[in-house]
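The values are calculated or read from the model by the stated rules, or taken from the named source; none is laboratory data. Values in this document were obtained by computation on a predicted structure and should not be read as measured data. SASA here: full protein model, heavy atoms, side chains in, ligands and nucleic acids out. Shrake-Rupley method; radii C 1.70, N 1.55, O 1.52, S 1.80 Å.
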Amino acid sequence: NKKWFAVIMDIEKNKLGLDGEGKVDIIDLKCDPILIGSLLRNKGYLPAYHMSKKNWITVLLDGSFSDEEMKDLICFSYEIIEKKK
């Protein structure tokens with residue numbers, strides 16, 4: 001359906017409100033607004049960068065999450081856009 005479900009970027013830390021110099025790898029994922037509220041309480045999750053903060057979340061790709069957790073989030077994001085077909 002030509003809808004985005006994920007965007008991978010490298011962004012300056014200061015643009016994300018993070019301490020330090022340099023860039024960090026992130027992935028922005030489509031997400032349920034209720035789940036976003038819960039996820040933002042955990043380390044490694046940030047309000048969406050460059051996307052709607054209501055329907056997207058930024059996840060740091062810094063090794064904070066297992067591959068399985070990351071796969072689950074990506075699949076969930078894809079499922080959200082598939083429902084809109």
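So the values come out like this:
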| quantity | calculated |
| --- | --- |
| Carbon plus sulfur fraction of accessible area for the chain, probe 1.4 Å, in percent | 52 |
| Values of log10 I(q)/I(0), in the order q = 0.17, 0.26 Å⁻¹, for the chain under a Debye, Cα-only, solvent-free model | -0.66, -1.44 |
| Normalised contact order of the chain, rounded percent, pairs of Cα under 8 Å and 6 or more residues apart | 32 |
| Largest to smallest accessible area among F65, F5 [probe 1.4 Å] | F5, F65 |
| Hz values of 3J(HN,Hα) by residue in the range 14-21 - Karplus curve (6.51, -1.76, 1.60), Gly and Pro given as x | 5, 6, 9, x, 8, 6, x, 9 |
| Accessible area per residue in Å² at 1.4 Å probe, computed on the chain | 67 |
